[in-house]
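Chemist: Could you have a look at this structure, given as structure tokens, before my questions?
Every read-out reported here was derived from the displayed coordinates using simple, explicitly stated rules and does not represent laboratory data. These figures come from a predicted structure and were not determined experimentally. All Cβ positions, even for glycine, are placed from backbone atoms using ideal geometry, and neighbour counts span all protein chains on display.
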Amino acid sequence: MRIVIQRCTEASVSIGGVVKGAIGPGMMILLGIEDADSDKDIDYLCRKIVALRIFDDADGVMNLPITEVADSGILLVSQFTLMASTKKGNRPSYIRASKPEVAIPMYERFIARLEQEFGKPIATGVFGADMQVALVNDGPVTIIIDSTNP
């Protein structure tokens with residue numbers, strides 16, 4: 001399982017011109033899932049997400065987790081292209097990305113676990129939909145985490 005976390009001042013995901021999910025300050029997270037992933041990967045990543053100290057404290061130092069930032073939100077978007085392999089040729093291979101019958105239940109469990117860790121609902125896209133993501137990256141701060149390499 002692979003995630004890209006972007007600290008943002010605002011982010012949204014739209015489908016067909018209709019906003020599905022939106023947040024103000026917080027994290028926009030892209031999630032890639034492969035068949036080898038398990039609930040262990042979900043637990044690790046969700047705990048890591050809410051504990052990451054990437055928000056500024058009163059002294060302007062990145063020292064606070066999202067749970068200590070007032071009115072913060074999380075937007076989670078499924079992103080199978082995060083599992084791309086670019087080793088051969090110029091056309092990425094997505095063979096590692098899970099098929100919907102495996103990935104959708106895993107995505108839904110990830111949402112539930114992240115909401116549990118965060119302590120409030122998160123905004124999401126729709127798995128497999130053609131989505132347009134808007135983001136104002138704050139910093140910029142971008143963190144990539146692969147659960148196979150904790």
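Chemist: Output yes when any residue across the range 78-98 is within 29 Å of P25 (Cβ to Cβ) and small (G, A, S), and no when none is.
Modeler: yes
Chemist: Search the range 105-150 for residues being in a helix (DSSP H, G or I) and among the acidic types (D, E), and hand back the single one that is nearest to G16 (Cα to Cα).
Modeler: E108
Chemist: Pairs under 7 Å by beta carbon, first residue in contact (Cβ under 8 Å) with a residue 12 or more places away in the chain and over 21 Å from I104 (Cα atoms) in the range 1-21, partner in a strand (DSSP E or B) and acidic (D, E), six or more apart or different chains?
Modeler: Short answer, once both residue conditions are applied: R7/D138; C8/D138; T9/D138.
Chemist: Only one of A103, A123 is more than 20 Å from D41 (Cβ to Cβ) and either surrounded by 15 or more Cβ atoms within 10 Å (Cβ to Cβ) or among the charged types (D, E, K, R) (or both); which?
Modeler: A123
Chemist: Another question about this same structure. Pairs, please: C-beta under 7 Å, at least 6 apart or cross-chain, first residue in a loop (DSSP other than H, G, I, E, B) and in the range 61-79, second of a type in the set (D, E, K, R)?
Modeler: What qualifies is P65/R53.
Chemist: Okay, moving on. Looking at A70, A58, can you tell me which residue is of a type in the set (A, V, I, L, M), out of contact with any strand residue (DSSP E or B) (no Cβ under 7 Å at 6 or more places or on another chain) and more than 21 Å from T124 (Cα to Cα)?
Modeler: A58
Chemist: So, restricting to strands (runs of 3 or more DSSP E) that lie completely within the range 1-53, which ones have at least 2 residues that are surrounded by fewer than 22 Cβ atoms within 10 Å (Cβ to Cβ)?
Modeler: The strands (runs of 3 or more DSSP E) meeting that bar are 2-15, 18-23.
Chemist: Select from the range 54-78 the residues that are aliphatic (A, V, I, L, M) and buried (at least 16 other Cβ atoms within 10 Å of the Cβ) and list them in ascending order.
Modeler: Residues satisfying the conditions are I54, L64, I66, V69, I74, L75, L76, V77.
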